[in-house]
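The values are calculated or read from the model by the stated rules, or taken from the named source; none is laboratory data. This structure is a prediction, so every number in the text was calculated from the model and none was measured. Counting neighbours? That spans all protein chains shown, and the Cβs are built from the backbone with ideal geometry, glycine included. To get the accessible areas, we keep the full protein, side chains included, count just its heavy atoms, and leave off ligands, DNA and RNA. Shrake-Rupley method; radii C 1.70, N 1.55, O 1.52, S 1.80 Å.
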Amino acid sequence: MARFIFITGGVVSSLGKGLMAASLAALLQARGFRVRIRKFDPYLNVDPGTMSPYQHGEVYVTDDGAETDLDLGHYERFTGVASRQSDNVTSGRIYQQIIAKERRGDYLGATVQVIPHVTDAIKEFARAETDDLDFVLCEIGGTVGDIESLPFIEAIRQLRNDVGRANAVFVHVTLVPFIAAAGELKTKPTQHSVRELTSLGIQPDVLVCRAERPLPEGERAKIALFCNVPKEAVIPALDASTIYGVPLQYHAEGLDDAVLAAFGIDGAPRPELRRWDDIIDRLENFEGEVTIGVVGKYVGLPDAYKSLHEALVHGGIANRVKVHVRWLDAELFEGAESDIAAQLEPMHGILVPGGFGERGSEGKISSVRFARERGVPFFGICLGMQMACIEGARNTAGIAQASTTEFGPTEEPVVGMITEWMTAAGLEKREAGGDLGGTMRLGAYEAKLAGNSHVASIYGRTDISERHRHRYEVNVHYREPLEKGGLVFSGMSPDGELPEIVERPDHPWFIGVQFHPELKSKPFDPHPLFASFIQAAIKQSRLV
Ligand code: GLN
């Protein structure tokens, strides 16, 4: 049976609980254990799919088509274990299921209550599909003391008794703030947070103490004494210069040893950390630098493009170069052409990422044009590919009115909404004016690449599977004029109906993809498109 590690957070949010969970899982994996990480989100949205990236950062999409919290991206990048729908649940989804059951009459007249019905549903979720694992790490979103997280805290308290005390461990992540006026780190918020947790019936086994300064031994001992944990289980956690240094740092502070000790596991193999040492070596001892301009809409909040940023870093790891990312607001490119040139000339590569809505689209289209005309490496992702097709239609195929139906009715729908498409399970249909939640083409779909294409040489094969999240598609009926204009459809859905990749053979590096390759990139296994794009940017940096 799998053992459970429950991760809670105290004092404030944004303590890096997700990174801690991902790092701990990576360390256990490095000792040969089979791991999976799950996230419980206390909010009432059924999933984060309809939430603004400004509210909640990127929506991470799994192979099986779930729209999930961005922490699942960290989990996958750190462990290589592909996340699934069953790894992320919200209060909203749990209530939706319970209310549907109640309406069907499945509760046979019983009063439906938080305990036991909601807590049972949470426990069922935590335990589902865990037979082949050694450790399941469950991260509880939010901060202990929040009203919304109470049913989750109660469920994990019960779960420890259900699985046996030796099979569950509680890790609590807290803050030890530095108070400048006193010149000291303060342990009181941690003490209060642990007291709050114990009042809910949970005594943490391991405390991860986020701090800006090294935690003096005396303070560590004090936390151990007041919070009722062994001193070795008080783990200081200082900021790291790169997130990929976090697993090594936690290992040096004894996190994985403390967790194994809390389970009473002795003699586990030492972790094999060469993979992480190599990543750090490549990040620190880089041999060049490139600057990539990302022309997007949500540039004020880097979390909105979390996976994209990481995939660019991975491209740098693959080529041993440091990647500087400049977040450029597409709307600022909607003025005079000269402004665009001044902003984009210093870039060694231009990337137009995924996005929704019309705002900034003309600026994105102008950036595509700049990259095409100047021969600067261009990478268009999802909406970015759609913009590349509209740019090509307007400026190389003579279709001046080219647009997408996403922005309103158009005479020339080079990008349009599809209402039917094939999945592995058969024909999928939707209504043009239907629900927004969970109704996109979501998750892994296959594509066939043209044998002689640039993308086929980058992937090294012609059958690929990548993750999608979009409602609109490039209209295959415009293939001929676009190809005449030099924009070749080099990747298609297996039925030949949906354009998946476009490229310009007469350009050093110009590729648009309808899917999100950034979601599958890993520091130890950089995505080939990002590795190749950064390689092209290195060549460009030698020219400018
Ligand atoms: N808004 C576009 C669509 O729905 C692109 C989506 C995206 O970039 N993820 O098709």
Q: Give me the accessible area of ARG282, 1.4 Å probe, in Å² rounded to the nearest 10.
A: 70
Q: Step through the table entries LYS123/LYS448; LYS17/LYS448; LYS484/LYS522; LYS448/LYS539, compare each Cα-Cα distance with 31 Å, and write down the pairs that go over it.
A: LYS123/LYS448; LYS17/LYS448; LYS484/LYS522
Q. Ordered by packing density, taken as the mean number of other Cβ atoms within 10 Å over each peptide's residues, highest first, how do 79-91, 125-137 rank?
A. 79-91, 125-137
Q | Cβ-placed point charges (K, R +1; D, E -1), dipole of the chain about Cα centre in debye, nearest 20 | A | 900
Q | Per residue accessible area in Å² of segment 454-497, where ligands, DNA and RNA are left out and the probe is 1.4 Å | A | 43
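In terms of solvent-accessible area of protein heavy atoms at a 1.4 angstrom probe, what is the ranking of GLU219, GLU358, highest value first?
Result of the area sort, largest leading: GLU358, GLU219.
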Q) Taking segment 433-544 on its own, what percent of its Cα-Cα pair distances exceed 24 Å? A) 30
Q) What per residue convex hull volume, in Å³, comes out for the chain when only alpha-carbon positions are used? A) 167
**Q.** Accessible area per residue in Å² at 1.4 Å probe, computed on segment 57-119
**A.** 41
Q.
As I understand it, the value is the acute angle between the Cα axis of helix 91-104 and the longest principal axis of the Cα atoms of the chain; what does it come to in degrees, rounded to 10?
A. 90
Q. For segment 279-359, with equal point scatterers placed on the C-alpha atoms only and solvent neglected, what are the log10 I(q)/I(0) values from the Debye formula at q = 0.23 1/Å, to two decimals?
A. -1.09
Q: Could you point to the residue in LEU200, PHE170, TYR107 farthest towards the positive end of segment 90-202's charge dipole, with +1 and -1 charges on the Cβ of Lys/Arg and Asp/Glu respectively?
A: LEU200
**Q.** Descending semi-axes in Å of segment 98-256, equivalent ellipsoid built from Cα gyration tensor
**A.** 35, 18, 14
Q) How much of the accessible area of the chain, in percent, comes from carbon and sulfur atoms when a 1.4 Å probe is used? A) 49
Q) Over segment 50-169, what per residue volume does the convex hull of the Cα atoms give, in whole Å³? A) 147
Q: Quote to one decimal, in nm, the extra length available between ASN452 and GLU217 on full extension: 0.36 nm per residue of separation minus the C-alpha distance between them.
A: 78.3 nm
(Q) Cut-off 12 Å, label point 7 angstrom out along Cα-to-Cβ of ASN228: give me the residues of segment 205-222 whose amide nitrogen falls inside. (A) 205
Q: Subtracting the Cα-Cα distance from 0.36 nm times the residue separation, let me have the gained length for ASP120 to LEU332 in nm, one decimal.
A: 71.2 nm
Q.
Given the DSSP H assignment, sum -39500 (n - 2.57) over each helix run of at least 4 residues in the chain and divide by its residue total; what's the result at 222 nm in deg cm²/dmol, nearest 500?
A. -10500 deg cm²/dmol
Q: Working from Cα positions, state the angle (0 to 90°, nearest 10) between the long axis of helix 306-319 and the longest principal axis of the chain.
A: 80
